[in-house]
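The values are calculated or read from the model by the stated rules, or taken from the named source; none is laboratory data. Because the structure is predicted, anything quoted here is derived from the model rather than measured. Positions of Cβ are generated from backbone atoms using ideal geometry, with glycine treated the same way; all protein chains shown enter the neighbour counts.
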Amino acid sequence: MGGTIKDPMGEVRDLSGSCTIEQLKAAVVAVKAARASQLHCAMHTTCTEPVTHIDSKGYAYCTGHGVARRVWCPCRKLRPHELRKLQRGETIKQY
Ligand SMILES: [Zn+2]
């Protein structure tokens, strides 16, 4: 008699308890949306910090890199309505 074999359905239930398929799908959609957006820190392609700054050339940066950028290029904090515009894929005409 096989009393030592684990119940495969029990394993599946344990996994779904920690992270549901719906949660995974939502995470994938969020990642795709972030990649589709032009709004990412221009300092490093690997930078995942949210964009908060823009320099006089029109490049967007996160807070840390925006402050660093300021050393050699005018860089200011984005206003909330400008950030929304960028998030919609529109550009800001003036620095
Ligand atoms: Zn950055």
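Some notes on this structure:
- Checking each residue in segment 57-82 for being modelled with pLDDT of 90 or more and either among the hydroxyl-bearing types (Ser, Thr, Tyr) or part of a helix (DSSP H, G or I) (or both) picks out Tyr61, Thr63, Gly64, His65, Gly66, Val67, Ala68, Arg69, Pro80, His81, Glu82.
- Matching residues in segment 44-95 - criterion: being without any contact (Cβ under 8 Å) to a residue 12 or more places away in the chain and of a type in the set (Ser, Thr, Tyr): Thr45, Thr46, Thr48
- Taking (1) at pLDDT 85 or above; (2) among the β-branched types (Val, Ile, Thr); (3) in contact with a Leu (Cβ under 8 Å, 6 or more places away or on another chain) in turn, Ile92 satisfies each apart from (1).
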